[in-house]
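Data first, discussion second: the structure below is written as structure tokens.
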Amino acid sequence: MLMRSLMFVFLSGVVALQMSSSFESWQDTPVGEPAARKTASVANSTLASGTSVLKADAAGHYRGQFRLNGKPVEGMVDTGASAVAINESTARHLGYGAAALDFRYSVNTANGRSEAAVVRLKRVEVGSIKIEDVEALVLRDNALSDTLIGMSFLSRLSSYKAERQSLTMVR
């Protein structure tokens with residue numbers, strides 16, 4: 001019995017060291033390079049379930065690979081955005097046709113006033129975090145060039161914290 005307990009403690013230590021090593025190598029990989037996406041998904045699987053970490057890019061933005069309605073979309077976390085914001089091309093890629101996009105809402109953006117449609121995303125994912133039924137604004141392509149992951153997603157997390165060039169999100 002003592003031998004089994006010692007073996008368990010030893011194996012637990014080996015697994016913990018391996019996880020720590022994987023996380024450290026992932027942190028040293030610059031965001032935006034193709035290898036970073038592959039490494040990040042591996043690193044997220046070694047974190048606690050429901051936890052994801054994004055590294056800041058050279059401009060200090062937290063960018064990463066998200067999945068919207070199950071499809072990969074490059075996006076940037078924006079705590080100043082009240083909702084997830086996507087452009088019309090991304091909305092069509094996600095399966096929202098012309099009938100679903102009623103551009104009747106007037107919104108203020110960093111680029112000025114624009115017209116927007118409101119949609120409900122079935123699911124927004126980053127790493128092991130999955131949030132269902134997330135409100136999103138769809139803006140015309142000329143009004144928004146990047147996908148913004150705003151507060152309609154972030155407010156559904158139990159916590160998120162920016163520290164040491166990393167954004168840690170916890171479901």
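The values are calculated or read from the model by the stated rules, or taken from the named source; none is laboratory data. As the structure is a prediction and not an experimental result, all values here were calculated from the model. No Cβ is skipped: glycine too gets one built from the backbone with ideal geometry, and neighbour counts run over all protein chains shown.
Brief remarks follow.
- On inspection, Ala116 fails the criterion of being aliphatic (A, V, I, L, M) and assigned to a loop (DSSP other than H, G, I, E, B).
- Taken across the range 32-39, residues that are at pLDDT below 95, surrounded by 14 or more Cβ atoms within 10 Å (Cβ to Cβ) and among the polar types (S, T, N, Q) do occur, with at least one present.
- Test for Thr90: is it of a type outside the set (Gly, Ala, Ser) and crowded, with 19+ Cβ neighbours inside 10 Å: yes
- Evaluation of Ala100 against (1) among the hydrophobic types (A, V, I, L, M, F, W, C); (2) at pLDDT 50 or above; (3) in contact with a Lys or Arg (Cβ under 9 Å, 6 or more places away or on another chain) (one fails), failing number: (3)
- Candidates in the range 93-105 are the residues that are in contact with a strand residue (DSSP E or B) (Cβ under 9 Å, 6 or more places away or on another chain) and over 18 Å from Ser145 (Cα atoms); of these, the one that is surrounded by the fewest Cβ atoms within 10 Å (Cβ to Cβ) is Arg104.
- In this entry, Val134 is excluded by the filter for residues that are part of a strand (DSSP E or B) and either touching a His at 6+ places or on another chain (Cβ under 8 Å) or farther than 25 Å from Ser52 by Cα (or both).
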